[in-house]
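Enquirer: Take this structure first; my questions come after.
Quick note: the coordinates plus some simple rules give every number you see, no bench work behind them. Just so we're clear, the structure is a prediction, and the values are computed from it rather than from any experiment. Reconstructed Cβ throughout: ideal geometry from the backbone, glycine too, with neighbour counts over all protein chains shown.
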């Protein structure tokens, strides 16, 4: 990394163990792609009056030549994120996937679904935090709550049109949508933000 890793703790005391884990995960990214120019990580404890326990949000801002990758691990209703180590793991896993896509694109390898596919919500299973999209060809694609952009899972209804990026091998039951965006949001901003 060209600039030193920056770690900020908000609404909580600094944790040496958590900081060590963040440094370890950032070093793994740097080994994977040695052209990272900067990495900023914010660990934030979030408290709500109507909620038991503290949840943690992790924000990672990674700068590479020609691109800035921002990953924000939203606490949502995921009680696993009451553990800051789980939140850090999930955030770094997400930023690693986006960085891998960036590297593949730079090599000209591209993904099999360079342009998002579209379909309609066929089924929603809110109790299991998932649903299924039916494509124009009639294929069902599984998606998880965390795949829906901007935490919009709860706003989806059966029949809604969506755009999605499907990944083979993500699920033992066939393709899984890694990104689901309700129709009408066709433009990606210059800074890609992944919210899970």
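Enquirer: Please sort 9-17, 93-101 by packing, taking for each peptide the average over its residues of neighbouring beta carbons within 10 angstrom, highest first.
Expert: With the highest mean Cβ count within 10 Å placed first, the list reads 93-101, 9-17.
Enquirer: I would also like to ask the following. With 10 angstrom as the radius, rank 107, 145, 123, 89 by how many other C-beta atoms surround their C-beta, starting from the fewest.
Expert: Values: 107 8, 145 22, 123 12, 89 16.
Exposure proxy ranking, most exposed first: 107, 123, 89, 145.
Enquirer: Using the number of other C-beta atoms within 10 angstrom as an exposure proxy, rank 19, 161 with the fewest first.
Expert: Numbers: 19 16, 161 12.
Listed from fewest to most nearby Cβ atoms, that is 161, 19.
Enquirer: In what sequence do 38, 178 fall when counting other Cβ within 10 Å, fewest first?
Expert: Working: 38 15, 178 21.
So the ranking, lowest neighbour count to highest, is 38, 178.
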